Amino acid sequence: MRKAVARSTKRRPMAEINVVPYIDVMLVLLIIFMITAPLIQQGVEIDLPQADAEQVDDDNIQPLVVTVDQQGQYYLDVGEKTDEPISTDTLQIKVAAVLRNKPKTPVMIRGDKGVLYGEVVRAMTSLQAAGVPSIGLLTDPNQ
């Protein structure tokens, strides 16, 4: 009878997995990634507008183009005298007038490759003061 008792006290194989070590490792990795992710972030941070819309066809909307030449003078491709330089105040007034009539008009800046960066930034701040929500930069694909 003792043999029968010995057989019944044998341990059965356990069909469970101990997940506590895996959770510990996962938490350690999570902490490591949380600390290192901001350190390896590269690039420029921008705020993109959120919209559930399809891509706008460029043929339907004619953009406003502000040109900055090598001397830092501004030109706007609206009106009769597009080849005459304008001041930043005139630029703001004209762009604001266009945006009042057509608020979805895209605004682009085309700058000469020899222009000082500060002149382009000054044009961007003038456009922002005129109420332009976003500004695009034009480049020449051949260069």
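The values are calculated or read from the model by the stated rules, or taken from the named source; none is laboratory data. Please read all numbers here as calculations on a predicted model, not as lab measurements. Positions of Cβ are backbone-derived with ideal geometry, glycine not excepted, and every protein chain shown enters the neighbour counts.
Of all the numbered requirements in (1) surrounded by 12 or more Cβ atoms within 10 Å (Cβ to Cβ); (2) at pLDDT 75 or above, Ile23 misses one, and that requirement is (1). Of everything in region 42-90 that is modelled with pLDDT under 75 and acidic (Asp, Glu), the residue that is farthest from the chain's Cα centre (by Cα) is Glu80. Checked against (1) without any contact (Cβ under 8 Å) to a residue 24 or more places away in the chain; (2) assigned to a helix (DSSP H, G or I), Val98 passes all but condition (1).
Could you tell me how many of the residues in region 107-119 are in contact with a strand residue (DSSP E or B) (Cβ under 6 Å, 6 or more places away or on another chain) and either modelled with pLDDT of 85 or more or of a type in the set (D, E, K, R) (or both)? Selection size over region 107-119: 5.
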